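Every read-out reported here was derived from the displayed coordinates using simple, explicitly stated rules and does not represent laboratory data. Predicted model, so just to flag it, every value in this text is computed and none were measured. Positions of Cβ are generated from backbone atoms using ideal geometry, with glycine treated the same way; all protein chains shown enter the neighbour counts.
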Amino acid sequence: MLLDILEYPDPRLRKVAAPVAAVTAAVQKLVRDMAETMYSAPGVGLAATQVDVHKRIIVIDISEARNDLRVFINPEILSAQGELECEEGCLSVPGYYDKVVRAEKITMRAQNEHGESFELGTDGMLAVCVQHEMDHLVGKVFVDYLSPLKRARLAARLKKKQRLAS
Ligand code: GNR
Ligand code: NI
């Protein structure tokens, strides 16, 4: 089932997600719907916050073939090293892309869709994506890292877009 994606500056994108107590059938169904929504968008990741579900759940697929789904439930970053600047976009900020500095390498812990705990060390695009999605879970959007001038320009652009849409 396709889910609706909230768009910035929707205040619901600011909510802080709660930990998942148990990976139930309902959580597994949500994970499947989130994956379907991510693939259809199309995007390389999706956080539950973006579909107005305020639970700590992320799906990511950075593979070219779109056949390597990764599910992170209750993700935690254990350590982070280095810096990497990457051009980011967000399904909740359609049509806007800009550079953000993130940690280059991370080690993390999470549970998969079966509720099994795992640790993962990663870098590059997957590390960037995990950090972008984990920000959503605490109510952060990548445009929060932009300079005040860029944010003001983005706000003006979004107002214009809304005017044209209404
Ligand atoms: O589809 C997406 N592309 C992307 C590109 C660079 C860095 C992060 C991302 S995540 C984004 C999908 C999304 O909005 N996830 O929250
Ligand atoms: Ni995003």
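Remarks
- Cut-off of 10 Å, at most 10 other beta carbons, DSSP loop: longest stretch of the chain lacking such GluC sites (Glu not before Pro): 1-63
- Per-residue ellipticity at 222 nm, computed for the chain from helices alone with -39500 (n - 2.57) per DSSP H run of at least four residues, works out to -9500 deg cm²/dmol.
- 0 to 90° range, to nearest 10: angle between helix 25-40 axis and the chain longest Cα axis: 50 degrees
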